[in-house]
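The structure under discussion appears below in the form of structure tokens.
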Amino acid sequence: MLKLFTGKTILLLILSIAAGSVDTIGFLGFEGLFAAHITGNIVIVGAHFVTGKFSQTGPLLAVPVFMLVLCLVSAAAGRIEKAGIPVLVPLLILQSLLLIFSWVLAICFGPFANIDGAVAVLTGMLLVGAMAVQSAAVKLAIKGAPSTVAMTNNATQLSLDLALLAHQHQASEEKTIAAKQQVKLTSSSLFGFIIGCGLGAVLQVLFDLNALLLPIVMAFLCIFVALKIKNGTD
């Protein structure tokens, strides 16, 4: 029987809580910036040019910044692996630092009167960078893991796997076991993200950008869990 909770499922849960909270805090605190759900920024930019609402600069920069950070992290991860060092913990530490820098700017200069100002945009891009690092860490270091920053594919995969399990008599034992394992991983990410969105919204309304302390705490918890498992592969 597959264990309900493993190091991997716990790590995915915490990472997704961090991403969900960052996404919601960013959306509320930066007038429409999606730090984790990058596709949403394209929608926000389109809505801004038609309605004049929401911020412009942050969502416009989010996609190229996310992609640039992914490229840089991928190159750095290759060098780290060549040195014989597992990449998961170093990437999680980098993510934590980016979140901390963003929070420091937010408490020193926020709340931002001009959300398209240089400091506000920099703060938001640090959040985007942190989520790009997290996305890279999951892809590069956690075998078979679903996304922790975007949930559309996760919802699709979870639905397909649940449908397979509902008719498992028509599937092979190998496919059934694989589906059960995938349901654990995908549901950890999906429910973690939902929890993070809820907590992020409540904390942002109560404490404004100080709510970023939540994903910072989650990031440090991820480092602790990652140190307890072997490169996120158990």
Potential lengthening between LEU122 and LYS228 on full extension [0.36 nm per residue; Cα-Cα distance subtracted]: 34.8 nm
Rank by packing, highest mean first: peptides 118-131, 101-114, with packing defined as the count of other Cβ atoms within 10 Å averaged across residues. 118-131, 101-114
Can you tell me how much longer the chain between VAL217 and HIS167 gets when fully stretched, taken as 0.36 nm per residue apart minus their C-alpha distance, in nm with one decimal? 13.9 nm
Taking only DSSP H segments of four or more residues, each worth -39500 (n - 2.57), what value at 222 nm results for the chain once the sum is divided by all its residues, to the nearest 500 deg cm²/dmol? -26000 deg cm²/dmol
Using Cβ counts within 10 Å as a stand-in for footprinting exposure, how do HIS37, HIS169 rank, fewest first? HIS169, HIS37
Answer label for Rg/Rh (Cα atoms, Kirkwood Rh) (calculated), chosen among (i) 1.00; (ii) 1.05; (iii) 1.19: (i)
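Each value in this text was obtained by applying a stated rule to the coordinates, not by laboratory testing. Quantities reported herein were computed from a predicted structural model and do not represent experimental measurements. Note: ideal-geometry Cβ built from the backbone for every residue, glycine included; neighbour counts use all protein chains shown.
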